[in-house]
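See below for the structure under consideration.
The values are calculated or read from the model by the stated rules, or taken from the named source; none is laboratory data. All values reported here derive from a predicted model rather than from experimental measurement. Neighbour counts run over all protein chains shown; Cβ positions are idealised from the backbone, glycine included.
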Amino acid sequence: MEQVPKIPKEKFKLLHKKDNQAQESLGTPSLTYLQDVRRRLFSNKVATVCLILLGIMVLISVFAPVVAPHNPNTQRVEYSNLPPKIGNLDIPGFNGMQNMDGKSVDAYKAVNAPKDTYYILGTDYLGRDLLSRIIYGTRLSLIVAVLATLVDLIIGLPYGIVSGWKGGKVDTFLQRIIEIVSSVPNLVVVILMMIILKPGLVSIVIAIALTDWVTMARLIRAQTFQLKEQEYILAARTLGESSTKIATKHLIPNLSSTIIIQTMFTIPNAIFFEAFLSFIGIGIPAPNASLGTLLSDGQKAFRFLPYQMWAPALILSIIMIATNLLGDGLRDAFDPQSSD
Amino acid sequence: MADEKTPIVQVKHLKQYFNIGKANEVKAVDDISFDIYKGETFGLVGESGSGKSTTGRSIIRLYNPTSGQILFEGDDISKIKNRSPRMKQFRQQMQMIFQDPYASLNPRMKVKDIIAEGLDINNLSKNDDERTQRVEELLNMVHLNPEHMSRYPYEFSGGQRQRIGIARALAVDPQFIIADEPISALDVSIQAQVVNLLQDIQKQRNLTYMFIAHDLSMVKYISDRIAVMYSGKIVELASADEIYNNPLHPYTQSLLSAIPVPDPEVEKTRERIDFDHKKHFSDDQRLQEVQPGHFLYCSDEQAKKY
Amino acid sequence: MEKILDVKNLNVDFSTYNGTVHAIRGVDFHLNSGETLAIVGESGSGKSVTVRTVLQLMAKNAKITQGEIRYHDEDLLKKSEKQMDDIRGNKISMIFQDPMTSLDPTMTIGKQVAEPLLIHNKVSKADALKRAEEVLRLVGIPNPKARMKDYPHQFSGGQRQRIVIAIAIVNYPEILIADEPTTALDVTVQAQIIDLLKELQQKIGTSIIFITHDLGVVAGIADRVAVMYAGKLVEYGNVDEIFYDPQHPYTWGLLDSMPTLDTDDQNRLNSIPGTPPNLLNPPKGDAFAPRNAYAMEIDEEEQPPFFKVSKTHYAATWLLHPDAPKVEPPKSIQQRFEKYQQMLGGSVK
């Protein structure tokens, strides 16, 4: 085919290789599954930004009493409906100027507020600081989110695992219950709750608790059905591993991606559900703030004081979009097939 | 010949049905009986749907047999309860090696923990050091580098993973191992490695194997005796040489004739034998000894011919 | 003989998180009209990637860095996606390993077989279905007229693979690429499918590229064989040359590690130690060297070129260099050599 290359003769000595373990070396660097997931997640810029945004929100909510400039429930009727103002900076929209009868008026001067009094996002119709109310409102939304997630994990996860693992009659029975639960709209549940309990965080959480775990339970059940036929599960059974140990050692780690992703979709649902209830007036009672009540209040004055609705609407949208996009990012990160 | 050998596993009229009483009832294993002798390798061959894997899983009690007996060292284990002390003991005596090296190891566990699973369940190691040492020994035994203990399964090749699976089975020091198509998912060059390893370990530890496979070539090589399964029944059972040199059942003949041989001259002259279910299967047949040590699924009338 | 497909210096990279995997590292082969070429290799050797590249059916992260794929007088790599659509399923078609997933479960098989006809030809639906029926009969589906209205799940695995073949050949392609078409099947079914492929080749005159890891299957179907290892061809030649006069230690290893039914049970099987190299960092020298019992110093430093064994037979191993020491191949290989001598002696050539 081609010219035989010139090669020194001594190179043609047999090395007499033996079957040794050097041949068993692994080429790739040792990376744990989670490291791999993290790398995939951070290479997704959108998801990373969402993660950072949500992280900041969580931090602010946790430290709300420190961060909030005012008490969210303190009413100062003399300072009602003041527009946003940041210090004495002259930023359009944040300089305390308000359009009145076609003229631009300094609303703070009009109510004789001292020079150092300002509200970054303005005040509402009772003179409460809007920024503080939004911070506390977000905090409440996130509490709802955490509780909903807990319910998912405490009820939905074991329910799904038991149903899928046991199969047969147990599964049929558990699935019938799920069908009944999911056939009742959660709005109906809330209204029924109100007959017994007062409107408030408790009744919202119970309503979510009663209905929200169903999706998680269904997903986990389907996954468990697939996993239990996997040979490593069979191997664990032949070794005599108990069912509980199989669940904690083998099932849950391999369900973790489903769990995390489903949680990322539970969170916006729960937050939106709370906001929706508060908006229609059967959620968080006054004077406590939630994003829903803020939207409801802001909506009443939207034509004249649009900032009262813009701010909470923006925050709610960011939370919803960020969790959804992060959920998408996590789904891709957990799926090794998606590596590109 | 059979006299000097003691059976370790005796399967008597084993039936394993699924979806009993429903329209989709499946008789995966339908009344089979055989003995496996101590120290031998018993090959179980059949094509997909023949019930060979189900047989293995019933014997190791991944399923609850519909009826029949499974004696392990003379003791019926077909009805012992999960979580009973007897079951716990049995789980150490009998182990399994699985087919798919990619599905048989938990992807979220380190190799060390995978292999040590049996040790942990049965509290076979007193402390962490002893555990690590045992895992090291086991890795050495399957010719893997103990340094790879903290790696995850996906970093290994198919053959390496299969050896991890073997180490896991060996951890509890079993006497009897069911190898459920342990090499059919592996490349040819790797198959021989695994088969050699299994044979070495068998000699060292005086193990008995049941080797399940779908083709006869490797089974013929590794087994002492072979049972051929078809449609939930054992159609022929004899020594490996006998099955190969003197196949009596038409299905065995058909299986043998279909094995591809890496020799073009042989391939040119190959005559394929087709097997016709309707022609060769009827209700009056049962497994009977037609020649010493050679069992055939046939009617009484057919048996007289031999 | 006319070369209908000529692959030259094909290089394919995959980009992964760990870096670039050099899956195909300079592969040359050709396909003659009317023949069956078997490409043999282990998983990860690049055999599937090679043929998928011919039809440009690669994964998203694959990149052809170099090479040419000449089909008649055109380079397939220079074709647009639209032009490739005219070729795929028409001039060149492909059968995949798993008959369970290569059929659409929601479509009757008659429609699935007729589909490529309707896409590539101006035929009426009735004519297409009629032709589909003929082809189904050709691949051995009994009573095709009635069964055309059935769905894939109503067929057994072997029959499904026959249907897959029917879809692939309905346009009488010039080249049929079969990517491990029998690996997922039972032995008896495998034998039937191989017989079918041979029969079809006679009837419709297709050239076949047959991808497999099983040398046993190769012996029964191939005219020529190419052995692949770690993204390169290591040996190619006529089927007799590869089976009775193999030169590359890897080919030796492959042939030697298969027990034949005559293998003595008392002997240990010969195996190839170790595992194939990781193609993230392909070795500098011969990729097989670390597993090669006949490795020499030069193997670790430089990749061997192809040495000519006969007009049709080439092997890339330094053992064929005139300065290389004479080595003794495994016993079973020596037996093959002897058989070859007898065959050559006996034939008129």
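Please indicate, with yes or no, whether at least one residue in the stretch C:179-194 is among the aliphatic types (A, V, I, L, M) and away from every other protein chain (no Cβ under 14 Å).
The first filter runs over the stretch C:179-194 and keeps only residues among the aliphatic types (A, V, I, L, M), leaving C:184-185, C:187, C:189, C:191, C:193-194.
The next check asks that each one be away from every other protein chain (no Cβ under 14 Å); those that pass are none.
Scanning the stretch C:179-194, I find no residue that is among the aliphatic types (A, V, I, L, M) and away from every other protein chain (no Cβ under 14 Å), so the answer is no.
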Check off (1) within 12 Å of chain A (Cβ to nearest Cβ); (2) under 23 Å from B:V194 (Cα atoms) for C:D286 and give me the number that stays unchecked. (2)
Inspect the stretch A:67-84 for any residue being closer than 26 Å to A:R303 by Cα, of a type in the set (S, T, Y) and buried (at least 18 other Cβ atoms within 10 Å of the Cβ) and give the result as yes or no. yes
Matching option when the condition is among the β-branched types (V, I, T), within 11 Å of another protein chain (Cβ to nearest Cβ) and in a helix (DSSP H, G or I), among C:V225, C:V217: C:V217
With the structure loaded, tell me whether C:E235 is touching a Ser or Thr at 6+ places or on another chain (Cβ under 9 Å), touching a residue at least 12 places away in the same chain (Cβ under 8 Å) and assigned to a helix (DSSP H, G or I) or whether it fails that test. no
I'd like the residue in the stretch C:289-305 that is farther than 25 Å from C:K331 by Cα, in a loop (DSSP other than H, G, I, E, B) and more than 7 Å from chain A (Cβ to nearest Cβ) and, out of all such residues, is nearest to the chain's Cα centre (by Cα). C:Q303
Just to check your reading of the model, which residue among C:A146, C:A128, C:A168, C:A132 is under 25 Å from C:K47 (Cβ atoms) and among the small types (G, A, S)? C:A168
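Looking at the stretch C:249-269 only, could you name the residues that are part of a loop (DSSP other than H, G, I, E, B), over 15 Å from C:Q335 (Cα atoms) and either more than 8 Å from every other protein chain (Cβ to nearest Cβ) or at pLDDT 90 or above (or both)? I'd like the intermediate steps shown before the answer.
The first filter runs over the stretch C:249-269 and keeps only residues part of a loop (DSSP other than H, G, I, E, B), leaving C:257-269.
Keeping just the survivors that are over 15 Å from C:Q335 (Cα atoms) gives C:261, C:265-269.
Once the filter is applied, which keeps residues that are part of a loop (DSSP other than H, G, I, E, B), over 15 Å from C:Q335 (Cα atoms) and either more than 8 Å from every other protein chain (Cβ to nearest Cβ) or at pLDDT 90 or above (or both), the stretch C:249-269 yields C:Q266, C:N267.
When the stretch B:100-111 is examined, which residues are found to be more than 8 Å from chain A (Cβ to nearest Cβ) and assigned to a loop (DSSP other than H, G, I, E, B)? Even if it seems obvious, please write down each step before you answer.
Applying the first criterion (more than 8 Å from chain A (Cβ to nearest Cβ)) to the stretch B:100-111 yields B:101-102, B:110-111.
B:P101, B:Y102, B:K110 - these are the residues of the stretch B:100-111 that are more than 8 Å from chain A (Cβ to nearest Cβ) and assigned to a loop (DSSP other than H, G, I, E, B).
Looking only at the stretch B:154-169, which residues are more than 14 Å from chain C (Cβ to nearest Cβ) and either closer than 22 Å to C:P273 by Cα or of a type outside the set (A, V, I, L, M) (or both)? Before you say what the answer is, go through the steps one by one.
Residues of the stretch B:154-169 that are more than 14 Å from chain C (Cβ to nearest Cβ), as a first pass: B:165-169.
Passing the criteria: B:G165, B:I166, B:A167, B:R168.
Yes/no per residue for (1) over 26 Å from A:F94 (Cβ atoms); (2) touching a strand residue (DSSP E or B) at 6+ places or on another chain (Cβ under 9 Å); (3) in a helix (DSSP H, G or I):
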{"residue": "A:F272", "(1), (2), (3)": "yes, no, yes"}
{"residue": "A:A275", "(1), (2), (3)": "no, no, yes"}
{"residue": "A:G283", "(1), (2), (3)": "yes, no, no"}
{"residue": "A:L295", "(1), (2), (3)": "no, no, yes"}
{"residue": "A:F302", "(1), (2), (3)": "no, no, no"}
{"residue": "A:L305", "(1), (2), (3)": "no, yes, no"}
{"residue": "A:W310", "(1), (2), (3)": "no, no, yes"}
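Between A:D106, A:D36, A:D90, which is under 24 Å from A:Q299 (Cα atoms) and at pLDDT below 80?
Answer to the check: A:D106.
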Against the definition (assigned to a helix (DSSP H, G or I), closer than 25 Å to B:N122 by Cβ and not acidic (D, E)), how does B:A169 come out, yes or no? yes
If A:A247 meets every condition in (1) in contact with a strand residue (DSSP E or B) (Cβ under 9 Å, 6 or more places away or on another chain); (2) touching a residue at least 40 places away in the same chain (Cβ under 8 Å) apart from one, which number is that one? (1)
I need the full set of residues from the stretch B:206-234 which are within 19 Å of B:L248 (Cβ to Cβ), within 12 Å of another protein chain (Cβ to nearest Cβ) and polar (S, T, N, Q), in order please. B:S223
All but one of (1) more than 14 Å from chain B (Cβ to nearest Cβ); (2) in contact (Cβ under 8 Å) with a residue 40 or more places away in the chain hold for C:Q202; state the number of the condition that does not hold. (2)
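May I ask you to list the residues in the stretch B:51-84 that are of a type outside the set (G, A, S) and within 11 Å of chain A (Cβ to nearest Cβ)? Give the derivation first.
Just the residues of the stretch B:51-84 that are of a type outside the set (G, A, S), to begin with: B:52, B:54-55, B:57, B:59-66, B:69-73, B:75-77, B:79-83.
Within the stretch B:51-84, B:R57, B:I59, B:I60, B:R61, B:L62, B:Y63, B:N82, B:R83 qualify.
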Report, ordered by the first and then the second residue, all pairs with beta carbons closer than 8 Å, sequence separation of six or more or different chains, a first member in the stretch A:113-135 that is under 17 Å from A:L89 (Cβ atoms), and a second member that is among the β-branched types (V, I, T) and part of a loop (DSSP other than H, G, I, E, B). A:Y118/A:I86; A:I120/A:I86; A:L131/A:I120
Among the residues of the stretch B:159-178, is any touching a residue at least 40 places away in the same chain (Cβ under 8 Å), more than 25 Å from B:Q204 (Cα to Cα) and touching a Pro at 6+ places or on another chain (Cβ under 9 Å)? no
Only one residue in A:L210, A:L147 is within 29 Å of A:V58 (Cα to Cα), touching a residue at least 60 places away in the same chain (Cβ under 8 Å) and out of contact with any Ser or Thr (no Cβ under 6 Å at 6 or more places or on another chain). Which one? A:L147
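Among the residues of the stretch B:112-141 satisfying the criterion of being in a loop (DSSP other than H, G, I, E, B) and buried (at least 17 other Cβ atoms within 10 Å of the Cβ), which is farthest from the other protein chains (Cβ to nearest Cβ)?
Here is the first cut: in the stretch B:112-141, the residues in a loop (DSSP other than H, G, I, E, B) are B:116, B:122-127.
Then keep just the ones that are buried (at least 17 other Cβ atoms within 10 Å of the Cβ); that gives B:116, B:122, B:125.
Working: B:A116: 10, B:N122: 7, B:S125: 14 Å.
Selected residue: B:S125.
Here is a list: C:K47, C:K3. Which entry is basic (K, R) and farther than 15 Å from C:G231 by Cβ? So that I can check it myself, show each step before the final result.
Working: C:K47 fails: farther than 15 Å from C:G231 by Cβ.
Exactly one of C:K47, C:K3 is basic (K, R) and farther than 15 Å from C:G231 by Cβ, namely C:K3.
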In the stretch C:306-329, the residues that are facing another protein chain (nearest Cβ under 7 Å) and closer than 12 Å to C:L233 by Cβ: C:F306, C:Y314
